[in-house]
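The values are calculated or read from the model by the stated rules, or taken from the named source; none is laboratory data. Every value quoted in this text rests on a predicted model; they were computed, and no experiment measured them. Neighbour counts run over all protein chains shown; Cβ positions are idealised from the backbone, glycine included. When the accessible area is computed, the model is the full protein with side chains, heavy atoms only, and any ligands, DNA or RNA have been set aside. Shrake-Rupley method; radii C 1.70, N 1.55, O 1.52, S 1.80 Å.
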Amino acid sequence: MTELAAGAPHEAHTAKPPPRGWRRLTAPGWLRVPWTTALAFGIGAGLMVLVRWAEGWHPIWKGSVLTTIELTAAPIGFLVGIGAFDYWGRYAIGSPTQPEDHSGHGARSWRDYFRVNTDHKVIGVQYVVTTIFFFVAAGLLAMFMRAELARPGMQFFDNQTYNGLFSVHAALMIFLFVIPAFAGLANFVIPLMIGAPDMAFPRLNALSYWLLPIAGTMMLSSFLVPGGAFASGWTGYAPLASTHQPLGSVFFNMGVQWAGASSIMTALNFLVTIITMRAPGMTFWRMPLLVWANFTTSLLVVIATPFIAGSQFFVMFDRVLHTHFFDPTQHGYVLGYQHIFWFYSHPAVYIMMLPGFGIASEVISVMARKPIFGYRLMALSLMAILVLGFSVWAHHMFVSGMAPWLRVPMMVTSVVIAVPTGIKVFSWLATIWEGRIHFTTPMLFALGFVSMFVIGGLSGIYLAAVPIDIHVSDTYFVVAHIHYVLFGGSLFTIFAGIYYWFPKMTGRMYSERLGKLHFWMTFIGFNLTFFPMHWLGIQGMPRRVADYAPRFAGLNLFISIASFALGASTVVFLYNMLVSWVRGKPAPANPWRALTLEWQVSSPPPIFNFDEIPQVVGNPYEYGVPGARHAIFNGDRTTELEEARAP
């Protein structure tokens, strides 16, 4: 770019004066939340009592039924109070349309991050900060687990509490961190990358965010109910989850519903935005690979997420309504739960990986100062993973007692899906080859991702083979595999994305020294923690147990010490982010000299992103190509015309 797009924000529209007196209690916001939540709670309880009385069911006041109803009613009351439904509510009752003053769009102070806001950039920051909170909470639960496992025998927790720790840990990491963290980064970046002023449905975008704290609060609060947290793992297998677990399992069932609804809303928004709101000249073959990655991820979410919603409803109905979907004593189909669950949950692995592939592509190309090798094949491999991802679910069930003839087809497809993933790995390596590599913090995390994901992928090939899977199923080999894929894969790319776009999101530069310290502490601590688990699994140590044979004691103590060092790395990250956001050096518009559109506006961007519509004229990765441009603005055209007219 010869000239960056104008950086001054659009003028703020004159907003309505804030309400005063008692009207503050009826205006959307935190003062309205307590009474609308209490009202919704009362309505839910009243409906339960009325229906049970009318039908003659006893007891009229039943705790499990009330809990299920209130986990729906109370969050709706909260959303009404915060103002998530105000616009749609006025529309539904036929009220006159109110002129849009844009007072709820954009962040003009820190308070704007704590209310319903329709600006995709504000929502992106809300997502990322909220998911980091749940990441820390889930990490603390992991520390408790490793403290218990440091020695054989029972130290701090009983078996049920320990089961609750690893169940809530995994559920938070998957549903409240990895998936929504990618959604948050994409929320901030995707509209800017495609030259759009915002997401296609800004109010739906705002609503999708506010469902997340509801889901996370439900899962954490399950520790407080009688009997403790849900303790059947993040998989929640029936009939264990439906008939043999405390009331906390309902909190998991409902938390997954709220988190899944948020994912579906966000995915639909991304699909419509990417398809309909690209800047002039941005064909599909000119889109950055992060946009391609979120396009395919959104298709996966929309197709697959209803399946986990259905599975959790069935389990909850078995528990609360006494149905028998998965009750073998009443001719229920127990394996049906696993088929339904994994038909979502293996595509969910790619929901948690494909956005990371896109982030790695952006960072590696910019920091190596080279075009992406095999751009079109990289995009097509994302589509191949999308299709093949629905054909491999039963490799999680090789020892479940499913039909034996399914084993070989699922083994074959599980191996074949490694091909498009391998294409991406070799393309990243070819992009780095002979590049002018800048080992910044984002690049270190991207390179760490490639190396760790290869290890996770190779162990996945072993698990895809039926004989090996039978031997190591439900052992620590599986724990090592999933963490090399989701920690070494997803989390490393999330960190790469946060560091890469931190200057754009905050207008400040982070400390490169602390960023590199964070990377090396994470990289070393991660490998010391999880690599020995492969050996433990091969030797037969089962996962999800609070006690173990004394012969595993030495290695478990080593892993526990390493895990606390890994946890300490998060302190460095949090300190760097907080201090840099407040006192960091002001960031230039394009500190990485990148070509994609988000770096052609100020840091942070204007409220409506662009003061003029960009015209896309080339590929986003033409680094090292003389005169190459991804997009031009009117200022660029004026300069070119003046140069052409000059004698």
### Task
Can you send over the carbon and sulfur percentage of the accessible area for the stretch 117-600, probe radius 1.4 Å, protein chains only?
74 percent
### Residue-averaged [θ]222 nm for the chain, counting only DSSP H segments that reach four residues, each worth -39500 (n - 2.57)
-20500 deg cm²/dmol
### Query
Order of 28-37, 559-568, 215-224, 496-505 by packing, highest average Cβ count within 10 Å first?
496-505, 215-224, 559-568, 28-37
### Query
How many lysine pairs are close in the chain, with Cα atoms under 20 Å apart and the two 8 or more places apart or on different chains?
5
### Message
So, taking all protein chains as they sit and a 1.4 Å probe, how much accessible area belongs to LEU140, in Å² rounded to tens?
### Response
90 Å²
### Summary
Distribution output for the chain: share of Cα-Cα pairs per 20 Å bin in percent, first bin at 0, values 18, 52, 27, 3, 0
### Task
Order the following by accessible area, largest value first: LEU597, LEU321, LEU447. Probe radius 1.4 Å; ligands, DNA and RNA are ignored.
LEU321, LEU447, LEU597
### Message
How large is the accessible surface of HIS395 in square angstrom, using a 1.4 angstrom probe and rounding to the nearest 10?
### Response
30 Å²
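Starting from 0.36 nm per residue, how many nanometres of slack lie between LEU377 and LEU406 once their C-alpha separation is accounted for? All intermediate terms of the calculation are to be shown ahead of the outcome.
Values: separation 29, 0.36 × 29 = 10.44 nm, distance 3.07 nm.
Between LEU377 and LEU406, full extension yields an extra 7.4 nm.
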#### Entry: Spin-label model distance (nm) - LEU528 vs ARG151, 7 Å beyond Cα toward Cβ
2.1 nm
#### Entry: Relative contact order %, the chain, counting alpha carbon pairs below 8 Å whose residues are six or more apart
16 percent
### Summary
Result for the stretch 117-600: accessible area per residue, probe 1.4 angstrom, in square angstrom, of 34 Å²
#### Entry: Gyration tensor (alpha-carbon) shape descriptor, the stretch 471-533, a/c threshold 1.5
oblate
### Task
Compute the separation of the alpha-carbon centres of the stretch 452-490 and the stretch 227-273 and state it in Å as a whole number.
24 Å
## Note on the structure
Any DSSP H helix in the chain with Cα axial reach of 15 Å or more and mean Kyte-Doolittle score of at least 1.0? Listed by number, the hits are 33-55, 63-82, 120-149, 179-193, 248-276, 289-320, 354-368, 375-388, 418-432, 441-464, 553-583
### TRP22 versus VAL579: modelled label distance in nm, points set 7 Å from Cα along the beta carbon direction
5.1 nm
### Alpha-carbon Debye profile of the stretch 363-503, log10 I(q)/I(0) at 0.10, 0.16, 0.20 Å⁻¹
-0.40, -0.89, -1.20
